[in-house]
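As structure tokens, the structure follows; a few thoughts come after it.
Throughout, read-outs are computed from the coordinates displayed, never taken from laboratory work. Being a predicted model, the structure only gives us computed values, none of them experimental. As a convention, Cβ positions derive from the backbone with ideal geometry for all residues, glycine included, and neighbour counts pool all protein chains shown.
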Amino acid sequence: MWQNADMKTLKILAVLGTCVLVSACTDSKRASMETKFKDQPAEITCWSFGTEIFNGKSTGRVSRDDGGAVFVDAANGRLTAINGECRIVYMPKAD
């Protein structure tokens, strides 16, 4: 029986393998697919009407919501929802 981690790994390998075989994936496409299937932390900066309202890090993947982002804040471990324009920069997952 496969565990969830094994299934995620297989999905990533299948998607990336398809990209390599077809040679249709750019670096940004591969990175986008990896962040979709991996739980990578990110640096997040959000603004509202030109004023910075949040600058911090997530513990893992950030979900995009209508007009903002939802994530677990690395500073306090709490689920956080931010409404505003957000820049999300994924960091490499530490092994």
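Rounded to the nearest 0.05, what FRET efficiency do residue 70 and residue 91 have when you use their Cβ-Cβ distance and R0 = 25 Å? Plugging the Cβ-Cβ distance into 1/(1 + (r/R0)^6) gives 0.90. For residue 40, the amide hydrogen comes within under 5 Å of the amide hydrogens of 61, counting only partners 5 or more places away or on other chains and with H modelled in the peptide plane.
For residue 63 and residue 29, a Förster radius of 22 Å and the Cβ-Cβ distance give a FRET efficiency of 0.65, rounded to the nearest 0.05.
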